[in-house]
Amino acid sequence: MSAAGAEPAVGAEPAALGGAAPLLTVRVDRKVYAKRGGKGGTEAVEAVSGLAFDLQAGEITCLIGPSGAGKTTTLRILLGLDRDFEGAVTPEPSRAGMAMVFQDPRLLPWRSIEQNVRLGLPRAERARDLDGLFISLGLGPWRAHYPGALSLGMQRRVALARALALEPRILVLDEPFVSLDDAAAASLRALVVEAVARSGTSVLMVTHNVAEAIEIADRLLLVSPRPARLLASLPLDRPRPERDRAWADETRRSLAVRFPGIVAQ
């Protein structure tokens, strides 16, 4: 039993929410790179092998695995940036309604915050009302400023705003809180959770930070060292407001015992 009085709720794959069809189904049977070897030759490097999962509406899913495991390759595949693999992504990535937030905010330094967000929209939608979005992300006073005037944490808010302005069905986050101080990371995590609650968006987040994932995820996807394969899909059933420090610590320790080398003690 955990210090919070109940065994950490991690187990098998949950059923689809309310029986609804998943927003996205990813199946990567095999992904192989041709890597240049010695004497001008090439060698095959298997990056992913047997990795399959679904994404459900209104769910935050965290993809966790060691460095070099193939997580970025998996993201490229599900985004439609890499089509040279065995398997399938359903629906076609261009029809899935996805938006991406990278580690690097990738803002145009010569454009204002508001212009950076609006330029991410289709041309016909660039004049629409975004007041609510800027206010919800705490960016209202910064709309006319340029990226160089903002901290990294605030720049990442802008990148999040740019993605959310697209009103995506699926929001993909690649290590979005890395290198931020604790306060900035906590603030940004809260904004992501609020956005999901408000819009019903599905989130897939890649992270090395297991404590961070335990704090906000509805489900953890644990993948093996390269070639990446799915080790477990684990629901976290305790409501986020009830995830106290004792429960989180016990959950992490339990995962570390079950998945040594994937989750640190």
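Values in this text are rule-based calculations from the coordinates and carry no lab data. What you are looking at is a predicted structure, and each value in this text was computed from that prediction instead of being measured. Here Cβ is always computed from backbone atoms with ideal geometry, including for glycine, and neighbour counts include all displayed protein chains.
Computed from the C-beta positions of ALA256 and ARG126, the FRET efficiency with R₀ = 35 Å rounds to 0.15. Neighbour counts of C-beta atoms inside 10 Å place THR251, THR207 in the sequence THR207, THR251, starting with the fewest. Annotation: for a label point projected 7 angstrom from Cα along Cα→Cβ of TYR146, residues of the stretch 93-125 with backbone N closer than 16 Å are 107-117. The calculated FRET efficiency for ALA264 paired with ASP181, based on their beta-carbon distance and R0 = 25 Å, is about 0.75.
VAL206 sits among other residues whose Cβ lies under 13 Å from its own Cβ, and their net charge, with Lys and Arg +1 and Asp and Glu -1, is -1. Given the alternatives (i) 59, 49, 38; (ii) 52, 39, 31; (iii) 46, 42, 33, Cα extents along the principal axes in Å as computed for this entry is given by (i). The gain in end-to-end length when the PHE102 to GLU86 segment is fully stretched comes to 3.2 nm, 0.36 nm per residue minus the alpha carbon separation.
Which percent, nearest 5, of DSSP beta bridges in the chain are antiparallel? Close to 55 percent.
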